[in-house]
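Peer 1: Can you keep this structure in mind? I'll have questions shortly.
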Amino acid sequence: MLNPKKQIKLLKHQELFCDNQFTILCWNVAKLTLNHEFKDYLKSIIKQENIDILLLQEFKKQLSTEIDIGDYSHILSPNIETKKNIFGVLNAFHFFCEKDVLLLTKKRELKYATHKSSLMTIHKMKNNKSLAIVNIHAINFVQNSAFFNELNYLKSNIESYEGALIVAGDFNTWNKKRVRFLKKFVDDLSLKNVSFANDSHIKKVLKNNIDYVFYRGLEVLDSKVIDSKKISDHNPIVVHFTTLISNPTF
């Protein structure tokens, strides 16, 4: 009953290319996207930080209504669908999307036996290069070996891509083994970890970071974690990127 049957996609900026400087917002929004207080808060961040790309995890959408996040193209990679709602990870952007890849974990989590989802979108930039963005909500309630296998499955779907790359989201790395598995995943894809002057607002479990933004083929101009005053149990991460002179293509 909970297996997703629909793909939610709206592309309305196909004539525009991504600027060579852009800002992303990465946030596990804890299924609060229908809440009016949350909507107002998200819109205030978008306006204040001039967000070009939204990478949201645990996004909730009513099947009977359109997504209300402003003037963005968007793709939802769902992991749960009920009679009234659909849930998953959402990529939203203001420019051309060349390709999208929706992924579900092979393993299911306990309790409701649901998958977790990831989404890869590929975009063209104004420098005629490509940018791939991977939004992930990693599987949680499974053995560490299953977590490792799911990271390898995700890697197998993106490792042939050689261009600028962002991999971000909620990685559920709440123990040391998962942190080590994630480090191998990052090293294998030649990714760097976005650092913050103060990461005290990043979601942590047992002193281990849960939320990350990784990248390659780009430079970080600025990064911050915003204290959302407990609107969600995670906090929004904002990163301002610029492209490198040399950026391989797909």
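Just so it is clear, none of the values below were taken in a lab; they were calculated from the coordinates. As the structure is a prediction and not an experimental result, all values here were calculated from the model. Methodologically, a virtual Cβ is constructed for each residue, glycine included, from the backbone with ideal geometry; neighbour enumeration extends over all protein chains shown.
Peer 1: How big is the charge dipole of the chain about its Cα centre, in debye rounded to the nearest 20, if each Lys and Arg gets +1 on its Cβ and each Asp and Glu gets -1 on its Cβ?
Peer 2: 960 debye
Peer 1: Round to a whole angstrom and tell me the spacing of the C-alpha centers of the stretch 1-57 and the stretch 78-141.
Peer 2: 12 Å
Peer 1: To the nearest 0.05, what FRET efficiency results for E219 and L2 with a Förster distance of 41 Å applied to their C-beta separation?
Peer 2: FRET efficiency, E219 to L2: 0.50.
Peer 1: Could you give me the percent of Cα pairs per 5 Å distance bin for the chain, shortest bin first, beginning at zero and ending with the bin that holds the maximum distance?
Peer 2: That works out to 1, 6, 14, 19, 22, 18, 13, 6, 1, 0, in percent per bin.
Peer 1: Now for a separate question. Can you compute the label reach from S145? Point 7 Å from Cα along the Cβ direction, backbone N cut-off under 13 Å, restricted to the stretch 110-134.
Peer 2: Counting only backbone N, you get no residues.
Peer 1: Tally the DSSP beta bridges in the stretch 1-158 and give the antiparallel ones as a percent, rounded to 5.
Peer 2: Counting DSSP beta bridges with both partners in the stretch 1-158, the antiparallel share is about 85 percent.
Peer 1: Still on this structure, I have one more. In nm², what is the average projected area of the convex hull enclosing the Cα atoms of the stretch 124-250?
Peer 2: Averaging across all directions leaves 8.2 nm² for the Cα convex hull.
Peer 1: Counting other C-beta atoms within 10 Å, and keeping those with at most 14, which DSSP coil GluC sites (Glu not before Pro) do you find in the stretch 16-73?
Peer 2: Answer in residue order: E66.
Peer 1: Still on this structure: Where Lys and Arg each count +1 and Asp and Glu each count -1, what net charge lies around I46 among other residues with Cβ under 13 Å from its Cβ?
Peer 2: -2
Peer 1: Quick one: of K39/K107; K155/K176; K12/K84; K106/K129; K83/K204; K124/K192, which pairs are farther than 28 Å apart, Cα to Cα?
Peer 2: K39/K107; K106/K129; K83/K204
Peer 1: Multiply the residue gap between K9 and N127 by 0.36 nm, knock off their C-alpha separation, and tell me the result in nm, one decimal place.
Peer 2: 39.9 nm
Peer 1: Cα to Cα, under 17 Å, and not fewer than 8 places away if on the same chain: which aspartates and glutamates meet these conditions relative to K207?
Peer 2: Leaving aside aspartates and glutamates fewer than 8 places away in the same chain, those within reach of K207 are D170, D199, D233.
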